[in-house]
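Note sheet for the following structure.
The values are calculated or read from the model by the stated rules, or taken from the named source; none is laboratory data. These figures come from a predicted structure and were not determined experimentally. Please note: Cβ atoms are built from the backbone with ideal geometry, for glycine as well, and neighbour counts cover all protein chains shown.
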Amino acid sequence: MNETILIADDETQLTALVALYLENEGYRVIQCHNAAEALHFVRTTHLDLVLLDVMLPDENGFSVCRKIRQQHRYPVILLTACTAQSDKITGLSLGSDDYITKPFLPLEMVARVKAQLRRYICYNEGASPGHQVFQCGGLVLDDTGHTCTMNGRLLYLTPTEFIILRTLFQHMGSVVSAEQLFHAVWGKEYFSRETNTIPVHIRHLRRKMGDSCDHPKYIRTVWGHGYKLEE
């Protein structure tokens, strides 16, 4: 079955262009131009990815992203005309998986969509044989079943958060740089992109784990070098 992608943007010419490129790649595309329409499709349609403009006419994309994350874990990519780092961090903090700054090259957008879908599909189909269960104190990550628990409590991690935590487990006790974590998540497609989104995802992980950001028990920040998972 072809993956279904929802585009929510009030720029009708842009949505039509994006839809054309995605449909040429074999995706099913749903176009809408405000938050109300987007949330209707979120509630009633099976979706595999959402491209979401931050500046929708009736409700901002940050709010829509928050509502999507209350029930769904498929990738959300924010489209924003603002280059301010604070807006990008806000979007990531609310659960988006990536952001694209307008104006953008359609081929770059397609590449990012493919990368997000590839990771999401792989995440849901399970890992290949030979992967294992990792444990650090009360934190347990089942790589095959794609589950993570803290003291028996299930943690609802996004695919991005799961891959970051798995990478830290694979290098238990050693420092992993933000660049290494970035490549583990996004691959080499975006080697020129900033790695400063990693601290945002680390903060989410700590919050979901119930770990202190100031004095973390599990994921420790090694200033100037990266992060280390240790008990």
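Points to keep in mind about this one:
- Complete set of residues in the stretch 212-224 that are modelled with pLDDT under 90 and out of contact with any helix residue (DSSP H, G or I) (no Cβ under 8 Å at 6 or more places or on another chain): ASP214, HIS215, LYS217, TRP223, GLY224
- Criterion violated by VAL18 - all others in (1) free of Cβ contacts under 8 Å to residues at least 40 places away in the same chain; (2) assigned to a helix (DSSP H, G or I) satisfied: (1)
- Members of the stretch 130-156 found to be touching a residue at least 24 places away in the same chain (Cβ under 8 Å), surrounded by 12 or more Cβ atoms within 10 Å (Cβ to Cβ) and farther than 17 Å from VAL185 by Cα, listed by number: PHE134, CYS136, LEU139, MET150, LEU155
- Among residues of the stretch 157-186 that are buried (at least 20 other Cβ atoms within 10 Å of the Cβ), those with a Cβ under 6 angstrom from a residue that is of a type in the set (Phe, Trp, Tyr) and in a helix (DSSP H, G or I), sequence gap 6+ or separate chain, pair up as PRO159/TYR120; PRO159/TYR123.
- Being hydroxyl-bearing (Ser, Thr, Tyr), out of contact with any helix residue (DSSP H, G or I) (no Cβ under 9 Å at 6 or more places or on another chain) and either without any contact (Cβ under 8 Å) to a residue 12 or more places away in the chain or assigned by TED's automatic domain parsing to the domain that holds LEU17 (or both) holds for only one residue in THR80, THR45, THR101, and it is THR45.
- Each residue in the stretch 32-56 was checked for being crowded, with 18+ Cβ neighbours inside 10 Å, under 20 Å from the mean Cα position of the chain (by Cα), of a type outside the set (A, V, I, L, M, F, W, C) and outside any strand (DSSP E or B), and 1 pass.
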